[in-house]
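Everything below concerns the one structure shown next.
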Amino acid sequence: MSRYWAIIFLLSAVVLPTGATQARTLKVILVMSDSTPVYQQFSISFDKALAASMADVSVIESQLLNKANADLIVAVGMKASELAAAQTDIPVLATMVPRAGYEELLSHARSNISTRPISAIYLDQPWGRQIDFLRAAIPGRRRIGLLHSLNAPIDFARLHQDVAQRGGLLVAQPTLSASELFSSLESVLALSDVLLAVPDSMIYNSSSIRNILLTSYHHGIPLIGLSQAYVNAGALCAIFSTPEQLAAQTSATVISFAQSGLLHEPQYPVDFTIAVNQQVARSLEIEFPSSALIRGQMDQAKEKGP
Amino acid sequence: MSGQTLREQQPMKNIGIKQQAVTIALIPILLMALFLESYGLYTRFDDLDKAVMERSKSLVRQLAASCEYAVFSGNADLLKQNINATLDQPDVNRVIVYDAAENVVMASSSKFDIREQPPIKFGLSSSLHDTKKSLWLYEPIVPIEIKLDELFHDVSSKSNVSKTLGGVLLEVSKNRLNDNKAHILIITLLITFCVLLLSVIVAFRLAHKITKPILELNNVIFDIGKGKLDTHISTPGVIELDQLANGVNSMAQLLLLDRNFLHARIEEATESLRNKTKQAEDASQAKSRFLAAASHDLRQPIAASSLFVDTLELTDLNPHQHKIVGRLKESMSSFSGLLNSLLDISKLDSGTRKPNFAMLDIHRLHVWVESNFQPLAENKGLRLNIYSSCRKPLVVKTDIDLIHMVMMNLVSNAIKFTSRGGILISARPRGSEVLLQIWDTGIGIAEENIEHIYDEFYQVGNPQRDRMAGLGLGLAIVKRSAELIGVKVTCQSRLGRGTVFSLCLPAAASDELGQLHPEIAIGNRTGAKSSLHGKRFVVVEDDIPIAAGLVSWLELNGGEVRHFLSAEEALCDLAIGHTDFYIADYMLSGTLNGIQFLNQLRQKFAVPIRAVLITGDTSTAFIKNAIECEWPVLHKPIDTSLLHAALEM
């Protein structure tokens, strides 16, 4: 329930100062990276959310951005965001993008950024939330293993600190190449209680996930995934935001922009979902608490702060 | 077409029909069998190949999948387990596992040499190398993908993710496959052979069934060809063949009718010919009988005349009378010669004269010729020379009487037709024969006449038929006599220059030389009279003049003679046994003939009888009897010199 209040609060904060522009209909172009079900689902949910808000926003779904005449482009996914940033001067709200990807995009398109507002709603969860989630879900497993490629855009110093502040231990292991994946995995698993997946496709991809899961299973170490797909593949659990949740947050941001003409700073998803693979839990003999309990503990931890 | 030809062609036709029928039956079966077998084998082999291929592919895929984690994790034990599990499968020879860098991670056989490795293309796709003995399959070890949402991965899409972990190479032996193929092939061939054999048997039986009526027809036609026209063909029950059979039956009936008609005609013609032949034979016999009877009747007075002339010569005559008697004797001799010629021809024509072969020294023949013809030649002022090229005795195997007859006629002809110069009798060996030649310097024979000289009564240069020049029977007798002893007489002549007659006599073999015939010294008349002196003679002759002539001649030669008119009269005489010589006429007036008389004498006294049979009969019946009897036979008119010789034998 607190989520809705937060959204209403944010919306009112955005809408009230831009009351002067209320009479004008906001033209929004929705650009999607592709037509995969996830994005389709986002599109439907986004339309629904806007319709429910009764805001004066017209949304056109288009891929033609060159001669587009709009007030805002909502780019869904990295591909659409890169396209929107490169091809237009229209303000862009990138959504469903990993933070690392968005930051790389900004660094590449620095010249365009100054002339127009650009912001994002990240796909990935903030590290703090993830650590809180781990603490709440599997409190006994404090050593968090992290396998990453060498140039992974992760602030390890801060992460070490965050983990340590929450009473855990981060075991980060870089991997030079795919051929060394197993040995790296072995070494990180040997020192960890739980393996936390990161958005690094060199390590975690459709081809490698089975062997990673098998190896971790052989070690009795659960893998914490990045999405429902990871949970389905055999990860113990995952904390993530669904397209619907992200669409709701995006529509709120658009209404805010319609009212204020301003885009706020990039933000992590406000709402999230917890998924659990009970079969894996049973196999690894982990007693997994209910989602409500976990959320409760996470809220408590958040209030308490690190 | 003749029966012979039919017989020759029959087996060929037989084989032809059957072969064709069998071929017609077999070819479709054979083609079908070959086609089906080929198709069956092809599909079966293809199935086997596909099955092995699919199984091998399945095995290698399974192995690649099972090796994924072992290769990913570098777990040698797990890899070995997987490899061993694959090796347990039949036909799997070798398994080699490679890593992503194409290095051999593990091989099922430690002896694996990298050089044995087939040219496999490593990579993301499967590949296959098929050799004669084995099948090499490569399967990349590709991690099993688990679909993840790629929302997070856009940013790292450029990272080089290795798609394969390595690969497995599997060698599957084709030995079992090849054995199976060979087995199938053998079974298939056996079945094919059995089917073909069965087909052949069935085809042959069918062909036999089909061709049997045709062959039967053929046999019947062959029988008809041989002349069995009463043959009837039963209809085989096939429309076309029934028609053929009926046609053949009709043809056979017509042929039979024609043949019977022809037979009847031939019988008629034969009967006519037979009658004509009989008539001719009857005529010939009548002629012979007439000739014999005429000869006999003529001989009687001539015989008597000769005997009287001979007797007259022995009486005291003055020189003028001697000359007249001499002329008379010549005329009688010529007349007697003519009659003898007729008799000889009659004898030779009768066919009863059989050659009696004996050894004869040519020298003796020469002596005989010389003694008989030297005086005659000298009388004509001619030289008669005898020449023999060989110092050794030349002995021939021949009938002595017949060769004497031949020589007598040829030499007498030579003397007769030569007026100056001489006659040469030569003899010389020629191979296994002795060439006997009679040369003369006489009138010669024109070339166109040579072929006629052996004809009866043909005389060269005697159109007036001077009886003193003979009857023209000499060479006819020569030809007949020579034919009897198997000798060919040839004549070469130049008109006005002379003539040569040649005859080749077979030389006697060396082991036959001991059988030389004793010489009958007819020509030796010296002391003849003394040999008959004091001997007792019995003459049985119903012809009084001849009997008187004989009695006179014998008595003048010093013999003691008694005369009887018939055999019965002679047999009744008590002193008939006291006789040295019997001279009996063959044809007597009583019931017994001369031979029967002599036979009875022999039976009566049981001793050998010395006798001479005289006759004027030249009939065939008499000649046959005369040959069978053991006593010498003299023909009337009797040559006293011959009689003398016969009595001395």
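The values are calculated or read from the model by the stated rules, or taken from the named source; none is laboratory data. Not measured: the values here are computed from a predicted model. Note: ideal-geometry Cβ built from the backbone for every residue, glycine included; neighbour counts use all protein chains shown.
For the reader, a short list of remarks on this structure follows.
- Scoring A:ALA120 on the criteria (1) part of a strand (DSSP E or B); (2) assigned by TED's automatic domain parsing to the domain that holds A:GLU285 leaves a single failure, condition (2).
- Subset of segment A:199-242 that is within 8 Å of chain B (Cβ to nearest Cβ) and aromatic (Phe, Trp, Tyr) - its residue that is farthest from A:TYR39 (Cα to Cα): A:TYR204
- Answer residue from segment B:386-440, given it is among the charged types (D, E, K, R) and touching a Pro at 6+ places or on another chain (Cβ under 7 Å) and is farthest from B:ASP344 (Cα to Cα) among those: B:GLU433
- Filter result for A:LEU146 (assigned to a strand (DSSP E or B) and either more than 11 Å from chain B (Cβ to nearest Cβ) or aliphatic (A, V, I, L, M) (or both)): yes
- Under the condition of being exposed (fewer than 11 other Cβ atoms within 10 Å of the Cβ) and either within 41 Å of the chain's Cα centre (by Cα) or among the β-branched types (Val, Ile, Thr) (or both), the residues counted in segment B:233-250 number 2.
- Yes/no for A:GLN245 being more than 11 Å from chain B (Cβ to nearest Cβ), in contact (Cβ under 8 Å) with a residue 40 or more places away in the chain and surrounded by fewer than 24 Cβ atoms within 10 Å (Cβ to Cβ): no
- Residues of segment B:109-163 that turn out to be at pLDDT below 85 and polar (S, T, N, Q), as a count: 9
The rows are residues; the columns are (1) under 17 Å from the mean Cα position of the chain (by Cα); (2) within 14 Å of chain B (Cβ to nearest Cβ); (3) within 27 Å of A:LEU65 (Cβ to Cβ).
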position: A:PRO91; (1), (2), (3): no, no, yes
position: A:MET96; (1), (2), (3): yes, yes, yes
position: A:LEU105; (1), (2), (3): yes, yes, yes
position: A:PRO117; (1), (2), (3): no, no, yes
position: A:TRP127; (1), (2), (3): yes, no, no
position: A:ARG142; (1), (2), (3): no, no, no
position: A:HIS160; (1), (2), (3): no, no, no
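- With respect to the conditions (1) within 22 Å of A:GLU103 (Cβ to Cβ); (2) in a loop (DSSP other than H, G, I, E, B); (3) in contact with a helix residue (DSSP H, G or I) (Cβ under 7 Å, 6 or more places away or on another chain); (4) more than 14 Å from chain B (Cβ to nearest Cβ), A:THR250 lacks only one, and its number is (2).
- Within segment A:208-237, residues that are surrounded by fewer than 20 Cβ atoms within 10 Å (Cβ to Cβ) sit with their Cβ atoms under 7 Å from residues that are in a helix (DSSP H, G or I) and hydrophobic (A, V, I, L, M, F, W, C), at 6+ positions apart or across chains, in these pairs: A:HIS219/A:LEU189.
- Test: B:SER371 is in the same structural domain as B:ASN413 (by TED's automatic domain parsing), in contact (Cβ under 8 Å) with a residue 60 or more places away in the chain and over 35 Å from the mean Cα position of the chain (by Cα): yes
- Check on B:SER56, assigned to a helix (DSSP H, G or I), small (Gly, Ala, Ser) and in contact with a strand residue (DSSP E or B) (Cβ under 6 Å, 6 or more places away or on another chain): yes
- Residues of segment A:149-195 that are part of a helix (DSSP H, G or I), touching a residue at least 60 places away in the same chain (Cβ under 8 Å) and surrounded by 14 or more Cβ atoms within 10 Å (Cβ to Cβ): A:ASP162 alone.
- A single entry from A:VAL276, A:VAL270, A:VAL254 fulfils the requirement of being farther than 20 Å from A:PHE133 by Cα and β-branched (Val, Ile, Thr): A:VAL254.
- Test: residue in segment A:39-46 that is in contact with a Gly (Cβ under 8 Å, 6 or more places away or on another chain) and surrounded by 15 or more Cβ atoms within 10 Å (Cβ to Cβ): yes
- Residues (under 24 Å from the mean Cα position of the chain (by Cα) and within 12 Å of A:SER251 (Cα to Cα)) located in segment A:54-67: A:VAL59
Conditions (1) within 14 Å of chain A (Cβ to nearest Cβ); (2) within 53 Å of the chain's Cα centre (by Cα); (3) modelled with pLDDT under 90, marked per residue:
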site	(1), (2), (3)
B:GLY16	no, yes, yes
B:GLN19	no, yes, yes
B:LEU41	no, no, yes
B:ILE83	no, no, no
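- Residue, surrounded by the fewest Cβ atoms within 10 Å (Cβ to Cβ), within segment B:571-588, restricted to residues that are over 57 Å from the mean Cα position of the chain (by Cα) and more than 13 Å from B:ARG536 (Cβ to Cβ): B:LEU574
Table: residues versus (1) in contact with a helix residue (DSSP H, G or I) (Cβ under 9 Å, 6 or more places away or on another chain); (2) at pLDDT 85 or above; (3) small (Gly, Ala, Ser).
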site	(1), (2), (3)
B:ILE544	yes, no, no
B:PHE564	yes, yes, no
B:GLU569	no, yes, no
B:ASP573	no, yes, no
B:ILE583	yes, yes, no
B:LEU588	yes, yes, no
B:LEU592	yes, yes, no
B:GLN600	yes, yes, no
B:ARG610	yes, yes, no
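- Yes/no for A:ASN151 being out of contact with any strand residue (DSSP E or B) (no Cβ under 7 Å at 6 or more places or on another chain), assigned by TED's automatic domain parsing to the domain that holds A:PRO139 and over 18 Å from A:GLY234 (Cα atoms): yes
- For A:ARG3, the requirement of being in a loop (DSSP other than H, G, I, E, B), modelled with pLDDT under 85 and more than 14 Å from chain B (Cβ to nearest Cβ) is not met.
- Residue, surrounded by the most Cβ atoms within 10 Å (Cβ to Cβ), within segment B:379-422, restricted to residues that are in contact with a Phe, Trp or Tyr (Cβ under 8 Å, 6 or more places away or on another chain) and outside any helix (DSSP H, G or I): B:THR398
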